[in-house]
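Undergrad: I'd like to ask some things about the structure below.
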Amino acid sequence: MASINSIQPDKVNGKDLVQSLSDLFKQAVKIDHINPPKEHPIILLNAVKNIIGDDIDNPSNDLYQFSKFIINSFPTRNDDESLWVKVKADGIGLTVFTDEIEHAVMTGDRDRAETETAKQIMASNNSHAILELLAELAIHNVDDLGLFTFHWIRSYYFHQDEKELWSYARCMILEIFKCDLVSVSDEADLNPETLIYQILTPDQLKTIPLFSAIMRLWEGDYVRINTYKNAISKWLTMQRINPVTNKNGSTDELEKYNLHGGRYFIDIAESIVKNNLPDEAINQIVQLEALRGIAKNVGSDSFQQIADCINFIVKKS
């Protein structure tokens, strides 16, 4: 079972919420994860962090404990420290180039990618710029890595602990090497918002988390944002989604949440945890948080479609 240095509380409170979630994130990036990137538990944890944030003074212990249970169900990688020590002992040399990392990744040389990444972190005095570089490489495969990339990078910016940069970087490298990366050379200019009408339907719930992730990456303040946008635009041009007529349920609760905040999404997420087996609960919480993220970034004219998707999740629970 995985472990962390600090003690995980049996009941989380507003005072300790940030530290408690930070500890779980630091643990999550160190797990020995063998499944596809889109199933990495850091996605669930960051989704829960966002939902819990709607009431930080009275945080949901049910959601926190569920996240802790999932993270604790994975073993921990046991060679991060030894790899770091080895690179440090060998020395970083006179020059370190980020191009070496990109070349190693694109040519499938994982050992070299890890070594050059560790050197870059050392040479840059623990600059988090290395994470944006790895995100830029990962976004070459939006389908397999887009969802993970968004939640992975946002989780680091939540606590910004420089001591965890190597673990974060290695976590990404290990996920990247599970996937095929393709060159993104052609310029494209298609905004995610142009596909909102097509994507926001209950039959697209499996796609909505990825769409929400790339929409928020698109709107993010990143040094390499132009590269991210180009890869996302290219992916959008390849999507063929046929819109489905909505059921037109009530939008009252969503509109109230939009105006005043509150525990709307927290209450739904808690119900999901209580009424579903863990695997299904994870899927539904990630979908719910994705809809929450979209609702915060679009106009009220999309609320009807968002509400229909939320109502579909609620009925499943």
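The values are calculated or read from the model by the stated rules, or taken from the named source; none is laboratory data. If you're wondering where the values come from, they're calculated on a predicted model, not measured in any experiment. Heads up, the Cβs are rebuilt from the backbone with ideal geometry, glycines too, and the neighbour counts pull from every protein chain shown. The accessibility values were calculated without ligands, DNA or RNA, using every heavy atom of the protein model including side chains. Shrake-Rupley method; radii C 1.70, N 1.55, O 1.52, S 1.80 Å.
Undergrad: Report, by residue number, each residue of the range 143-159 that is within 22 Å of His103 (Cβ to Cβ) and either open to solvent by 10 Å² or more (accessible area, probe 1.4 Å) or of a type in the set (Gly, Ala, Ser) (or both).
TA: Matches in the range 143-159: Asp144 only.
Undergrad: Do we have Ile130 as over 27 Å from Ser20 (Cα atoms), in contact with a Leu (Cβ under 9 Å, 6 or more places away or on another chain) and open to solvent by less than 60 Å² (accessible area, probe 1.4 Å) here?
TA: no
Undergrad: Across the range 76-123, which residue is surrounded by the most Cβ atoms within 10 Å (Cβ to Cβ) among those that are of a type in the set (Gly, Ala, Ser) and over 26 Å from Ser183 (Cα atoms)? Show your work before the answer.
TA: Of the residues in the range 76-123, the ones of a type in the set (Gly, Ala, Ser) are 82, 89, 91, 93, 104, 108, 113, 118, 123.
Filter once more, so that each one left must be over 26 Å from Ser183 (Cα atoms): 82, 89, 91, 93, 123.
On the way: Ser82: 9, Ala89: 7, Gly91: 9, Gly93: 8, Ala123: 16.
Among them, the one singled out is Ala123.
Undergrad: Yes or no: the range 160-175 includes at least one residue that is farther than 30 Å from Ile310 by Cα, modelled with pLDDT of 95 or more, among the basic types (Lys, Arg) and crowded, with 22+ Cβ neighbours inside 10 Å.
TA: Within the range 160-175, one or more residues are farther than 30 Å from Ile310 by Cα, modelled with pLDDT of 95 or more, among the basic types (Lys, Arg) and crowded, with 22+ Cβ neighbours inside 10 Å.
Undergrad: Does the range 67-83 hold any residues that are in a helix (DSSP H, G or I) and touching a Ser or Thr at 6+ places or on another chain (Cβ under 9 Å), and which are they? Before you say what the answer is, go through the steps one by one.
TA: First pass over the range 67-83, keeping only residues in a helix (DSSP H, G or I): 67-72, 80-83.
If the condition is that a residue be in a helix (DSSP H, G or I) and touching a Ser or Thr at 6+ places or on another chain (Cβ under 9 Å), then Lys68, Asn72, Asp80, Leu83 are the ones that fit.
Undergrad: Looking at the structure I just gave you, is Leu181 open to solvent by 30 Å² or more (accessible area, probe 1.4 Å), part of a loop (DSSP other than H, G, I, E, B) and free of Cβ contacts under 8 Å to residues at least 60 places away in the same chain?
TA: Numbers: open to solvent by 30 Å² or more (accessible area, probe 1.4 Å): yes; part of a loop (DSSP other than H, G, I, E, B): yes; free of Cβ contacts under 8 Å to residues at least 60 places away in the same chain: no.
No: the conditions fail for Leu181.
Undergrad: Within the range 30-43, which residues are buried (at least 19 other Cβ atoms within 10 Å of the Cβ) and either among the polar types (S, T, N, Q) or touching a Lys or Arg at 6+ places or on another chain (Cβ under 8 Å) (or both)?
TA: Lys30, Ile31, Pro37, listed by residue number.
Undergrad: Another question, then. Is the range 157-171 home to any residue that is out of contact with any helix residue (DSSP H, G or I) (no Cβ under 8 Å at 6 or more places or on another chain) and hydroxyl-bearing (Ser, Thr, Tyr)?
TA: Yes, there is a match, as at least one residue in the range 157-171 is out of contact with any helix residue (DSSP H, G or I) (no Cβ under 8 Å at 6 or more places or on another chain) and hydroxyl-bearing (Ser, Thr, Tyr).
Undergrad: Which helices (runs of 4 or more DSSP H) does the range 241-296 wholly contain that include 1 or more residues that are over 23 Å from the mean Cα position of the chain (by Cα), of a type outside the set (Phe, Trp, Tyr) and under 24 Å from Glu219 (Cβ atoms)?
TA: Working: elements: 252-260, 264-275, 278-295.
Output list reads 252-260.
Undergrad: Residue by residue through the range 15-36, note down the ones that are without any contact (Cβ under 8 Å) to a residue 60 or more places away in the chain, among the charged types (D, E, K, R) and in a helix (DSSP H, G or I).
TA: Residue satisfying the conditions is Asp23 alone.
Undergrad: Another one. Working only within the range 57-74, note down all residues that are surrounded by fewer than 12 Cβ atoms within 10 Å (Cβ to Cβ) and within 21 Å of the chain's Cα centre (by Cα).
TA: Scanning the range 57-74 gives a single hit, Phe69.
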